[in-house]
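The values are calculated or read from the model by the stated rules, or taken from the named source; none is laboratory data. Keep in mind that this is a model prediction, so the values were computed, not measured. Neighbour counts run over all protein chains shown; Cβ positions are idealised from the backbone, glycine included.
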Amino acid sequence: MPPVTLSRFLIEEERNKKVISADLRFLVEIVSRACKAISIAIGKGGIADVLGQAGSDNIQGEAQKKLDVISNEILLEANEWGGHLAAMASEEMEDPHLIPHRYPKGEYLLVFDPLDGSSNIDVNISVGTIFSVLRCPEGVPAVDDKVFLQPGTQQVCAGFAVYGPTTLLVLTFGDGVQCFTLDREFGHFVLTQENMRIPEDTKEFAINMSNQRFWEPPVQRYVEELLAGKDGPRGKDFNMRWVASMVADVFRILTRGGVFMYPIDAKMKDKGGKLRLMYEANPMAMIVEQAGGAASTGRERILDIRPSALHQRVPVILGSKNEVERVARYHAE
Ligand code: AHG
Ligand code: MN
Ligand code: MN
């Protein structure tokens, strides 16, 4: 069997399974091309002067890295002209980016975190891109940030790329999760893992332990029990990993299970959490659920949240089902 390229996979999803429309197929092709371009830019590193600070802040008040800005521009330019989108929104822009008048408009909305794990760029650790696709509601008077405020259950596609030792693209259309690997010689993505499944149980967890003293009691209790290992109530030893690039941590969980937590803590109470709902939590929650895992804030299912703002932040607990359910139970008790 010759390898199945992303293009072939998408055409067959459209033609045989009728899972996607021609426009959605085109959209994913375009996003994958943009991810390839971002992967190339990242791979140049110090040779092309892409590392370091951009000298500006984004809407979240975070200092932008040059590659945050470059990746955002690559995605905007790639997706403007195709006629498949009504608008785009990004971590790096306060307001939605409308399609210029000279181009046709389409039915989809694209939301992205152009470069996830920015703190890892300059130290040569995996980073990525996260994206979510929604339908633009019909008959709206104007395309503004309100059209994006749909719960994660409404996503028609979610995906992320990891720029690591290999460049990967993980995708779901609500019909299972597939992983594609970039073949650098041929320049295309090839299907390398079909129907990824997250084991329901795990012995691995991911959390930034430096925030421990700020966590709420349910998370304190959960992590304390994990750390107690064999001698504690869980009766087994747990291992810990924290890459600080959500894309890499989630990919590990898709591969061998685990639980990832960025809970709310006392120093970010007013912000609602660290990770952003529309372009981090929702797409990752859809992918994780599609792979048999779960995703919760501790108090509710992430995909059920009715967003109130484009850059809204939420607590995130996702991964192996039984662990996520346990953390949610501790919150309820
Ligand atoms: P971004 O680079 O898009 O701002 O996102 C970084 C996120 C996420 O990828 C990661 O899990 C988390 O922030 C790391 O946070 P800490 O540095 O607080 O560990
Ligand atoms: Mn991010
Ligand atoms: Mn980012």
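At a glance:
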| read-out | value |
| --- | --- |
| Residue ID - farthest from ligand 3 (Cβ to nearest atom), chosen from residues in the range 78-98 that are more than 19 Å from the chain's Cα centre (by Cα) and either without any contact (Cβ under 8 Å) to a residue 12 or more places away in the chain or crowded, with 24+ Cβ neighbours inside 10 Å (or both) | 84 |
| When residues of the range 94-127 are limited to those that are assigned to a loop (DSSP other than H, G, I, E, B) and within 18 Å of residue 34 (Cα to Cα), the one farthest from ligand 1 (Cβ to nearest atom) | 99 |
| Leading residue by the ranking (farthest from residue 128 (Cα to Cα)) among those in the range 59-77 that are assigned to a loop (DSSP other than H, G, I, E, B) and of a type outside the set (A, V, I, L, M) | 61 |
| Residue count for the range 156-198, restricted to those that are crowded, with 23+ Cβ neighbours inside 10 Å, in a loop (DSSP other than H, G, I, E, B) and not β-branched (Val, Ile, Thr) | 1 |
| One residue from 147, 133 being away from ligand 2 (no atom under 16 Å from the Cβ), of a type in the set (A, V, I, L, M), in contact with a strand residue (DSSP E or B) (Cβ under 6 Å, 6 or more places away or on another chain) and in contact (Cβ under 8 Å) with a residue 60 or more places away in the chain | 133 |
| Test: residue in the range 206-213 that is under 23 Å from residue 158 (Cβ atoms) and in a strand (DSSP E or B) | yes |
| Test: residue 241 is among the basic types (Lys, Arg), surrounded by fewer than 16 Cβ atoms within 10 Å (Cβ to Cβ) and assigned by TED's automatic domain parsing to the domain that holds residue 154 | no |
| Test: residue 273 is within 15 Å of ligand 1 (Cβ to nearest atom), out of contact with any helix residue (DSSP H, G or I) (no Cβ under 7 Å at 6 or more places or on another chain) and in a loop (DSSP other than H, G, I, E, B) | yes |
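Yes/no matrix, rows are residues, columns are (1) within 13 Å of the chain's Cα centre (by Cα); (2) within 16 Å of ligand 2 (Cβ to nearest atom):
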site	(1), (2)
268	no, yes
272	no, yes
285	yes, yes
294	no, no
